[in-house]
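Each remark here refers to the structure printed beneath this line.
The values are calculated or read from the model by the stated rules, or taken from the named source; none is laboratory data. Here the structure is a predicted model, which means the values were calculated and not measured. Positions of Cβ are generated from backbone atoms using ideal geometry, with glycine treated the same way; all protein chains shown enter the neighbour counts.
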Amino acid sequence: MDLAVWGLVAGSGWASGVNLYLVVTLLSGAGRLGLLDVPELFLRNDVLIAAIVLTALEFVADKIPLLDSAWDVVHTAIRPLGAAMVGYALGGDAPGAEQITAALTSAGLALASHLAKATARAAINASPEPVSNIVASIAEDSLVVGVLVLAVIAPILAIVAVAVLLVAGTALALMLVSLARRGRRRLQARRAERRGGGPPPPPKVSRP
């Protein structure tokens, strides 16, 4: 496979871990519009219809606190497996070993981005307001579109971008988890103070 295909495999693999159905919808739409040469699988009507319906469902579920995390749990296996199928299909007529490598690469990238997303969403859900979930969802879908477009027009930059996003996503998820834990500890301390009628008095210092 040439570099253009590997760029698309990397981009679609990472993006599938964030929103698999949007990736399939975009690839199918680009193929039908003649903007991208895609395998026949993506041009099937049933594939496009199913991808659009599931994209719409994820669009809603991904913006509702707690439901988004439940959706992520369900898709822990679905996204990497779907990414493997996408990567294998993008391999086209390449030798079997290259197609398998593309599938495994795509699945690995999808699993990594999915875990970063799921971890970040779980941390965000420590805050009950829905605004942060909506903002995160829109940002994630925008990145999916951006990475796929970059994979088509500049494969090398797409591969670099995927590497940067993997590192940044992992770092952001860990930071959000740390902030969520600190916030939870503060909340528990406040509740303990309220139940006890206020903070405990300072210890008395004995004088000789």
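Somewhere in the stretch 90-108, is a residue loosely packed, with under 14 Cβ neighbours inside 10 Å, β-branched (Val, Ile, Thr) and at pLDDT 95 or above? No, the stretch 90-108 has no match at all. Screening SER69, SER113 for residues that are touching a helix residue (DSSP H, G or I) at 6+ places or on another chain (Cβ under 8 Å), within 30 Å of ASP37 (Cβ to Cβ) and of a type in the set (S, T, N, Q) leaves exactly one candidate, SER113.
Is one or more of the residues making up the stretch 128-150 touching a Gly at 6+ places or on another chain (Cβ under 6 Å), modelled with pLDDT of 85 or more and over 15 Å from GLY17 (Cα atoms)?
So the first thing to find is which residues in the stretch 128-150 are touching a Gly at 6+ places or on another chain (Cβ under 6 Å), and the list is 147-148.
After this cut, where a residue has to be modelled with pLDDT of 85 or more as well, the list is 147-148.
Filter once more, keeping what is over 15 Å from GLY17 (Cα atoms): none.
Among the residues of the stretch 128-150, not one is touching a Gly at 6+ places or on another chain (Cβ under 6 Å), modelled with pLDDT of 85 or more and over 15 Å from GLY17 (Cα atoms), which makes the answer no.
With of a type in the set (D, E, K, R), modelled with pLDDT of 95 or more and out of contact with any strand residue (DSSP E or B) (no Cβ under 7 Å at 6 or more places or on another chain) as the only criterion, which of ARG79, ARG121 stands out? Steps first, please.
Details: ARG121 fails: modelled with pLDDT of 95 or more.
Selected residue: ARG79, the only one of ARG79, ARG121 that is of a type in the set (D, E, K, R), modelled with pLDDT of 95 or more and out of contact with any strand residue (DSSP E or B) (no Cβ under 7 Å at 6 or more places or on another chain).
Here ILE138 meets each of (1) within 14 Å of the chain's Cα centre (by Cα); (2) buried (at least 17 other Cβ atoms within 10 Å of the Cβ) with one exception, condition (2).
Comparison of ALA126, ALA139 shows that the only residue that is assigned to a helix (DSSP H, G or I) and either out of contact with any strand residue (DSSP E or B) (no Cβ under 8 Å at 6 or more places or on another chain) or of a type in the set (D, E, K, R) (or both) is ALA139.
Residue-level check: of (1) aliphatic (A, V, I, L, M); (2) at pLDDT 95 or above; (3) farther than 19 Å from VAL149 by Cα, LEU22 misses just (3). Taking the stretch 29-59 as the range and being within 23 Å of VAL152 (Cα to Cα), touching a helix residue (DSSP H, G or I) at 6+ places or on another chain (Cβ under 7 Å) and without any contact (Cβ under 8 Å) to a residue 60 or more places away in the chain as the test, the residues that pass are GLY31, ARG32, VAL38, PRO39, LEU41, PHE42, LEU43, VAL47, LEU48, ALA51, ILE52, THR55.
Scanning the stretch 60-83 for residues that are outside any loop (DSSP other than H, G, I, E, B) and touching a residue at least 24 places away in the same chain (Cβ under 8 Å) yields ASP68, SER69, ASP72, VAL73, HIS75, THR76, ILE78, ARG79, PRO80, LEU81, GLY82, ALA83. Criterion first (surrounded by fewer than 17 Cβ atoms within 10 Å (Cβ to Cβ) and hydroxyl-bearing (Ser, Thr, Tyr)) does THR76 satisfy it? Judged against the criteria, THR76 is a match.
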